[in-house]
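The values are calculated or read from the model by the stated rules, or taken from the named source; none is laboratory data. Here the structure is a predicted model, which is why all the values come from computation and not from measurement. Note that we place each Cβ from the backbone using ideal geometry, even for glycine, and neighbour counts take in every protein chain shown. For accessibility, only protein heavy atoms count, side chains too; no ligands or nucleic acids. Shrake-Rupley method; radii C 1.70, N 1.55, O 1.52, S 1.80 Å.
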Amino acid sequence: MEEEAMPYFDQFMEQFPHMEVETQKFTRSILILKKYKKKEFLAKAGDVQTAIPYICQGLVRRYYINEKGNTITTSFTSEQGYATDYPSFLNQRPTKYYMECLEPTIVVEMPYEKLQEAYRKFKDSEMYGRLIAEMVLTRETDRVESFLFENAEQRYLNFLETHKHILNRISLSHLASYLGIERQSLSRIRSNLAKK
């Protein structure tokens with residue numbers, strides 16, 4: 001497993017090219033490689049996310065189930081992204097979300113306790129922690145603002161622009177749910193755009 005994990009650990013560490021040598025050694029030593037099959041869950045509602053997963057390969061859908069029993073997709077995370085409910089991870093409290101693998105998925109995880117240890121021991125690790133937090137926060141904020149300031153067609157066009165690499169990897173039902181529209185509405189939007 002050790003040798004198999006190396007390329008994935010390398011991929012994870014590439015995010016932090018200026019990390020000091022001691023911090024790098026410690027960070028590598030706390031990483032965990034995990035593999036998930038399609039339809040397996042990284043987390044389910046009620047779980048406490050004890051590690052933050054970085055996706056090396058695969059695709060994860062985050063969703064919740066509303067009071068009517070409908071499944072609402074809130075994000076898709078693919079390669080080089082973090083599949084997390086970040087406030088839940090930071091506060092070590094149960095998540096309200098399900099994180100389901102849409103494909104076989106390989107992740108590198110950093111356990112919460114070890115991450116806190118890194119922050120205490122190495123000053124530069126705090127900066128990298130902040131960069132991860134900013135990446136996750138920006139993604140969440142962009143989604144909320146899309147509902148405040150854009151109509152369904154604009155949300156779809158923005159999705160095409162920012163997530164083109166996963167468009168053929170997700171179902172129209174999941175995409176419609178993510179965009180906050182019915183599947184028929186999404187089909188209509190796609191049809192209208194095709195005519196332009």
Could you run through segment 32-78 and say how many residues are open to solvent by less than 60 Å² (accessible area, probe 1.4 Å), part of a strand (DSSP E or B), closer than 16 Å to F12 by Cα and in contact (Cβ under 8 Å) with a residue 40 or more places away in the chain? 7
Among the numbered conditions (1) on the phi < 0 side of the Ramachandran plot; (2) open to solvent by 40 Å² or more (accessible area, probe 1.4 Å), tell me where Y82 comes up short. (2)
Give me a count of the residues in segment 98-116 that are touching a helix residue (DSSP H, G or I) at 6+ places or on another chain (Cβ under 8 Å) and not in a strand (DSSP E or B). 5
Within segment 9-26, take every residue that is surrounded by fewer than 14 Cβ atoms within 10 Å (Cβ to Cβ) and under 27 Å from F76 (Cβ atoms) and give me the one that is farthest from the chain's Cα centre (by Cα). P17
Which residue pairs have Cβ atoms under 6 Å apart, sit 6 or more places apart or on different chains, and have a first residue in segment 101-119 that is on the phi < 0 side of the Ramachandran plot and a second that is open to solvent by 20 Å² or more (accessible area, probe 1.4 Å) and assigned to a loop (DSSP other than H, G, I, E, B)? C101/K38; C101/E40; E103/K38; P104/K37; P104/K38; Y112/T50
Residues located in segment 163-193, provided they are free of Cβ contacts under 8 Å to residues at least 24 places away in the same chain, assigned to a helix (DSSP H, G or I), open to solvent by 80 Å² or more (accessible area, probe 1.4 Å) and over 15 Å from S78 (Cβ atoms): R183, Q184, R188
Please go through segment 120-157 and pick out each residue that is surrounded by 15 or more Cβ atoms within 10 Å (Cβ to Cβ) and modelled with pLDDT of 90 or more. F122, A152, E153, R155, Y156
Just to check your reading of the model, which residue among L148, L160 is free of Cβ contacts under 8 Å to residues at least 12 places away in the same chain and farther than 22 Å from Q57 by Cα? L148
S29 exposed (fewer than 13 other Cβ atoms within 10 Å of the Cβ) and in a helix (DSSP H, G or I): yes
